[in-house]
Amino acid sequence: MFRIRKIHDDVSVANQQALRQVADIMRDQFPLATPEEIAKLPGQLRDPMKYRFRSLVFVAEDLRDKVKGFALFLHMPDLQFGYLEFISVAPGTTGGGLGGILYERVREEALSLGLSGVFFEVLPDEPHLLTNPELLPQNSARLRFYERYGARPILNKEFETPVTGAESNLFFLVVDTLGQDVAISRLKIRKIVRAILERKYGALCSEEYIAAVAKSFQDDPIKLREPRYGKRKAAVYEIPKNAQAKRIAIVVNEGHEIHHVRDRGYVEAPVRVANIRAELDKTGFFYNVKPRKSSDKLLKAVHDPQYVDYLRQACERVPAGKSIYPAVFPLHNPLRQPRDLDIRAGYFCMDTFTPLNKNAYLAARGAVDCAVTGAQEMLGGSYFAYALVRPPGHHAERRAFGGFCYFNSAAVAAHFLSRYGRSAILDLDFHHGNGTQDIFYDRDDVLTLSIHGHPSFAYPYFAGFADETGISAGAGFNVNYPLSEKCSVTRYQRTLERALIRIRTHQPAYLILALGLDTAKDDPTGTWTFGVADFRDNGRAVGRLGIPTLIVQEGGYRTRTLGQNARAFFEGLVAGRREYTDKMGVAVRKKTSTD
């Protein structure tokens, strides 16, 4: 068993360990790679502008975090192409098609970025270009493998020209157009070749050499070598034709309907998920992912184990169709818990309107599984993931439930992701995320921010004040933005921009967004008046951050507009992401023009 994980930086211990293993594989498998070339990899991840490309590392890890193979992919956003610098399995790793799986993951990434192709260099399979004939079978096998995907050497050029007379290793420039029916013009290939030579080999290649090689590409559009290794086979993994649009993994808590409280005034109803999903299906942005079971160990790292066990036991014992509402709150003597499960509910609860029933635990546990699955999809490279779940979770504290919330799904996902890099949680629900604040209040690896109605008038009433900023190591890493009962859209969006600036300074590898849609006009639990255009603008602002984001559904109870508002938010999110990518390309072009 293994997983493919995308590494953006070298901040976390897990990423540092993985990159050290990647360096070991490079030393073993690429004898031509210099020590300097291997050592600069962490710097490439940290400072993409220095190198004028964005580096992404894909690692295949087993369950013990042992790296079995890797691919180093360079994204050059100004010219909208990718360059595969290295791909290899670890020494002694055989079978299983791991190299193919890594290459397919690179192709999927390139398509999701809207690239015209993936370029890379391969030692030739033509005897007259080889100084060592013994390499011919190995080189032929490698080109045969890539030809399966339609990747072939470009003809009529002098890319194989040695930089110096002493150089004996020559390379084909190969392009994989990713199954797209696109023609690469002479002008574009010359720019691409120049970019590869300048950014990868600038210290070795003179300007005269670079200009001569780029000019040698005369065909317009470029021509590829005819297939040499028989009829092209279909790839084992076929990327969807519309993969560029399918940017968001959606994980739905399908079992949520079992948690249906029919008591008067209980607005957290199953129809919420159906309404949202019906609208999102119209966008074409999403691909479905089945939730995977997450471990109890992970859940109990966020919630008090005694609390988790109580919820499970209490819900199991409640008769079908019945609910327990806490009525006694024995907080004055926390060391002596009542024996009776009904009475003990108040020991773990913060209000009188969140019931325990037969299915509350199961539905809440399923929501956690969805959020963690979404986080795992992001580790694998999905830029956005959406856990469409109920019941919500952001009011659930380390050892208390309330506000319709039992387990804090967003917090569990954030804790899971924190092993692989700094994380931030931004709560956009109308109500303060007191549970999230409580869980991370003394931690500095997860920045928590909440924009909400002031607790002087809005639930939970006892938390969410601006002076609650964290304690111990977490001092300064909890930020609250309480707003007035009649908050204008302009003021809200200015506050959102302040929160996004704070997130940028934290430089998280991952953002977890607790998405509440109860800021909408006429929501029965809120007092603000946001409409479709406002949700679209909010989504665009978040997308412009350029941070991989897991969205976890929280509140939102006006079912007539719920789906439309969710759809607008995600439309804005995708548009903002596109703007961020365009901005990156402009930045690289400016950097190139000044160097």
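The values are calculated or read from the model by the stated rules, or taken from the named source; none is laboratory data. In this text, all values refer to a predicted model and were calculated from it rather than measured experimentally. All Cβ positions, even for glycine, are placed from backbone atoms using ideal geometry, and neighbour counts span all protein chains on display.
Return the residue satisfying two criteria in turn: it lies in the range 428-465 and is out of contact with any Lys or Arg (no Cβ under 7 Å at 6 or more places or on another chain) and part of a helix (DSSP H, G or I), and of such residues it is nearest to ILE512 (Cα to Cα).
Filtering first and then ranking leaves THR436.
Which one of the conditions (1) small (Gly, Ala, Ser); (2) under 22 Å from VAL318 (Cβ atoms); (3) part of a helix (DSSP H, G or I) does GLY393 fail to meet, given that it meets all the rest?
Result: GLY393 passes all but (3).
Given ARG419, ARG398, which one is of a type outside the set (Phe, Trp, Tyr), surrounded by fewer than 24 Cβ atoms within 10 Å (Cβ to Cβ) and touching a His at 6+ places or on another chain (Cβ under 8 Å)?
Among ARG419, ARG398, only ARG398 is of a type outside the set (Phe, Trp, Tyr), surrounded by fewer than 24 Cβ atoms within 10 Å (Cβ to Cβ) and touching a His at 6+ places or on another chain (Cβ under 8 Å).
For a quick check of your reading of the model, give me the residue pairs whose first member lies in the range 501-512 and is in the same structural domain as ALA410 (by TED's automatic domain parsing), whose second is acidic (Asp, Glu), with beta-carbon atoms closer than 9 Å and at least 6 apart or on different chains.
GLN507/ASP9; ALA509/ASP9
Criterion first (of a type in the set (Lys, Arg) and farther than 24 Å from ASP444 by Cα) does ARG419 satisfy it?
Considered against the rule, which asks whether it is of a type in the set (Lys, Arg) and farther than 24 Å from ASP444 by Cα, ARG419 comes out as no.
Would you confirm whether any residue within the range 431-438 is over 22 Å from PHE416 (Cβ atoms), buried (at least 23 other Cβ atoms within 10 Å of the Cβ) and in contact (Cβ under 8 Å) with a residue 60 or more places away in the chain?
yes
Return yes or no: is ASP427 at pLDDT 95 or above and over 14 Å from the mean Cα position of the chain (by Cα)?
Yes; evaluated as a whole, the condition is true for this residue.
Among the listed residues THR490, THR525, THR529, identify the single one that is surrounded by fewer than 19 Cβ atoms within 10 Å (Cβ to Cβ) and either closer than 22 Å to ASN434 by Cβ or in contact with a strand residue (DSSP E or B) (Cβ under 9 Å, 6 or more places away or on another chain) (or both).
THR529
Checking GLU316 against (1) within 27 Å of ALA414 (Cα to Cα); (2) modelled with pLDDT of 90 or more; (3) not assigned by TED's automatic domain parsing to the domain that holds GLN553: exactly one of these is not met. Which one?
(1)
For the range 466-474, check the following and say yes or no: at least one residue is among the β-branched types (Val, Ile, Thr), assigned to a loop (DSSP other than H, G, I, E, B) and either crowded, with 23+ Cβ neighbours inside 10 Å or touching a helix residue (DSSP H, G or I) at 6+ places or on another chain (Cβ under 9 Å) (or both).
no
Looking at the range 476-483, is at least one residue without any contact (Cβ under 8 Å) to a residue 60 or more places away in the chain, touching a strand residue (DSSP E or B) at 6+ places or on another chain (Cβ under 8 Å), under 25 Å from ARG46 (Cβ atoms) and not in a helix (DSSP H, G or I)?
yes
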